[in-house]
1. Checking Lys29 against (1) basic (Lys, Arg); (2) closer than 20 Å to Gly7 by Cβ; (3) out of contact with any strand residue (DSSP E or B) (no Cβ under 9 Å at 6 or more places or on another chain), which test does it fail?
2. For region 4-20, check the following and say yes or no: at least one residue is touching a strand residue (DSSP E or B) at 6+ places or on another chain (Cβ under 7 Å), of a type outside the set (Phe, Trp, Tyr) and assigned to a helix (DSSP H, G or I).
3. Does region 66-84 contain any residue that is out of contact with any strand residue (DSSP E or B) (no Cβ under 8 Å at 6 or more places or on another chain), at pLDDT below 95 and more than 20 Å from Arg6 (Cβ to Cβ)?
4. Yes or no: region 1-21 includes at least one residue that is surrounded by fewer than 16 Cβ atoms within 10 Å (Cβ to Cβ) and among the charged types (D, E, K, R).
5. Gly48 passes all but one of (1) touching a helix residue (DSSP H, G or I) at 6+ places or on another chain (Cβ under 8 Å); (2) closer than 24 Å to Ser85 by Cα; which number fails?
Amino acid sequence: MQVSQRGIVTVIAPQGFLTGGDETEAFEKTIKRCLDEGTKHIVIDCAGVKHMNSVGLGILIVGHSRAVRTGRRFVLARIDKHIESIFVTTKLSIIFDVYPTVELGVAALTEPQQAP
């Protein structure tokens with residue numbers, strides 16, 4: 001797993017299977033640590049995720065909820081079609097902002113919002 005900082009945004013890039021086990025536990029601990037340390041916003045780069053089940057989804061939901069409750073944002077980037085279908089089926093696509101690239105996700109979190 002890679003973690004990088006882009007200004008006020010932390011990018012977390014999990015790898016492999018988020019279905020339980022060591023990879024999933026490391027991902028959960030990384031999100032928790034970043035939020036505990038005061039990370040302003042988080043982008044989860046899903047390009048390296050091969051499969052995700054309810055355990056992985058639960059980690060994302062908890063991270064997102066915790067970020068939102070404390071006035072921060074938690075978005076996803078580069079999800080593949082299989083994972084996207086999970087988000088659509090579970091209606092989580094309504095809750096999570098998803099961007100096609102990490103750069104667009106970071107930009108959305110750092111650029112001033114335009115008034116309509």
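1. Among (1) basic (Lys, Arg); (2) closer than 20 Å to Gly7 by Cβ; (3) out of contact with any strand residue (DSSP E or B) (no Cβ under 9 Å at 6 or more places or on another chain), Lys29 violates only (2).
2. Checked region 4-20: no residue is touching a strand residue (DSSP E or B) at 6+ places or on another chain (Cβ under 7 Å), of a type outside the set (Phe, Trp, Tyr) and assigned to a helix (DSSP H, G or I).
3. Yes: one or more hits.
4. For region 1-21, residues surrounded by fewer than 16 Cβ atoms within 10 Å (Cβ to Cβ) and among the charged types (D, E, K, R): absent.
5. If we test Gly48 against (1) touching a helix residue (DSSP H, G or I) at 6+ places or on another chain (Cβ under 8 Å); (2) closer than 24 Å to Ser85 by Cα, just (1) comes out false.
The values are calculated or read from the model by the stated rules, or taken from the named source; none is laboratory data. Here the structure is a predicted model, which means the values were calculated and not measured. All Cβ positions, glycine included, derive from the backbone under ideal geometry; neighbour counts span all protein chains shown.
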